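Taking it in order: structure first as structure tokens, then the write-up.
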Amino acid sequence: MSVKRTLQVIVFLLCAPFAFAAQAVDIQQIQLAVQAAGGAVLSTFAATTSVPAIALDGVEAERFIDEDEEDEAWLTYLRCDVASMRDQLENPSQGRAMSLFERVMLAASTRISPVCRAAVGYLDALGLEKGDAVIDGVIVFTGDDLDSSSLSKLVGLYLMRDFSSIDFSIAVSIMVSGAAFTSPLAFEGSLSVCGSNEQGGIILTCESMTCNNQEITIAPMFFAAG
């Protein structure tokens, strides 16, 4: 089954329990949901390009190679709270208790992605509280060499702040719900993500998108990495 067909099935399953709630959606709520979803994408990318990768609650990642020999990273979101992502990026969970020696060794080998600063700053600006925006569904990254080490181009990204290697596509099939929304909003579409050294950050461009089966237009989103 193709990615597009699979995502259509996923978004249908997400929407089915809420079909009775179909109604005209407030444009401000759509805008907030888009911003929350953009923050989730950026936070996931920041977590993935940290070393070691930061675990985010409610996010599971799998990597495949499709029939065209392109890498696909499937990210499944299950009741993922967008506001909570900020705290998790700033204070990655250490899991089990560690000895002083283990903590020192971990600190020496840890590289927090420079994209984290952009993600944290963006989520701060949104001002979401826990429970305001919750993500369910799937986001599929497609590109070349989507393992964390090559995706981040560690030397360029960490030392030179070279964002030019960031270039991939995203297929989206998610539902945004929570206290900030009168009813769940289901999004399905495609986006592209590329890095800009001139602007010093990442640009997310929407190729096509629907919200509750209605076509919407989303302006490009820029995330400054600082």
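The values are calculated or read from the model by the stated rules, or taken from the named source; none is laboratory data. Quantities reported herein were computed from a predicted structural model and do not represent experimental measurements. Note that each Cβ is placed from the backbone with ideal geometry, even for glycine, and that neighbours are counted across all protein chains shown. To get the accessible areas, we keep the full protein, side chains included, count just its heavy atoms, and leave off ligands, DNA and RNA. Shrake-Rupley method; radii C 1.70, N 1.55, O 1.52, S 1.80 Å.
Being open to solvent by 50 Å² or more (accessible area, probe 1.4 Å) and within 20 Å of Ala36 (Cβ to Cβ) is the filter here; which residues of the range 187-211 pass it? Matches in the range 187-211: Glu207, Ser208.
Of the residues in the range 129-146, at least one is open to solvent by 70 Å² or more (accessible area, probe 1.4 Å) and at pLDDT 65 or above. Of all residues in the range 172-186, those being among the aliphatic types (A, V, I, L, M) and open to solvent by 20 Å² or more (accessible area, probe 1.4 Å) number 2.
Selection of the range 207-221 for residues being among the hydroxyl-bearing types (Ser, Thr, Tyr) and in contact with a Phe, Trp or Tyr (Cβ under 8 Å, 6 or more places away or on another chain) yields only Thr210. Number of residues in the range 217-226 that are open to solvent by 40 Å² or more (accessible area, probe 1.4 Å), within 25 Å of Gln28 (Cβ to Cβ) and not hydroxyl-bearing (Ser, Thr, Tyr): the value is 4.
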